């Protein structure tokens, strides 16, 4: 791997209901060379580990586990397993084994979607979810952030109205896991000339009025990047300086 190239995480389409407990899956092809073997990170450490994604569906208790079997071995391959409950009590079901990164990404997306649909968290979709980088430590509480670029301008507003939640037109809600201390929400509104403006905010779970960070943009790609950056943001203030949380029904 070119050491000047910065590693980025793989974008995924993660529907509602999934707790992402671990995600170190990079957007890197598993192409090896005779000297270094598989690609490494900037410090020369392996990035093709036995466990790259570990997630649990909250309601159904299905576990999704994806990694590179044969850790850091060029002869290895990606493997996607699912298991109900725990590895101690049940045997995993192998969904996909492949060396092709795009194929394993598609398998992860389709498996998560199928489990969420079968569990009643979401309905059948007419458009794919927007690809996002959601790191470990977040739960997807609600997700109707669809990739609407293929729609005509006259269709986008109607579609958003059909797939929004509440008076704020929320289309995405992420909660820090396991504590739900921090929340990220994405909503939309109509501004001049019927243009759609996205608003991304983060706040403490019990105090939606005390917004810590707020971004607004009309660009769907820009707001996707903003969501990804908010997942990495940490409040460095001492807890004594943070706002007092209040209970709130969601």
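Tabulated results
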| quantity | calculated |
| --- | --- |
| Pick from the range 151-182, criterion modelled with pLDDT of 90 or more and in a strand (DSSP E or B), ranking: farthest from residue 123 (Cα to Cα) | 182 |
| Residue 227 vs. criteria modelled with pLDDT of 90 or more, touching a helix residue (DSSP H, G or I) at 6+ places or on another chain (Cβ under 8 Å), within 19 Å of residue 16 (Cα to Cα) and crowded, with 16+ Cβ neighbours inside 10 Å | no |
| Residues that are more than 14 Å from the chain's Cα centre (by Cα) and closer than 15 Å to residue 184 by Cβ, drawn from the range 125-170 | 165, 168, 170 |
| Residue count for the range 33-64, restricted to those that are buried (at least 17 other Cβ atoms within 10 Å of the Cβ) and either out of contact with any strand residue (DSSP E or B) (no Cβ under 9 Å at 6 or more places or on another chain) or farther than 17 Å from residue 113 by Cβ (or both) | 7 |
| Test result for residue 122, over 27 Å from residue 190 (Cβ atoms), touching a helix residue (DSSP H, G or I) at 6+ places or on another chain (Cβ under 8 Å) and either modelled with pLDDT under 95 or not assigned by TED's automatic domain parsing to the domain that holds residue 229 (or both) | no |
| Residue among 82, 94 that is assigned to a strand (DSSP E or B), exposed (fewer than 14 other Cβ atoms within 10 Å of the Cβ) and touching a strand residue (DSSP E or B) at 6+ places or on another chain (Cβ under 9 Å) | 94 |
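The values are calculated or read from the model by the stated rules, or taken from the named source; none is laboratory data. Small disclaimer: the values here were computed from a predicted structure and weren't measured. Note that we place each Cβ from the backbone using ideal geometry, even for glycine, and neighbour counts take in every protein chain shown.
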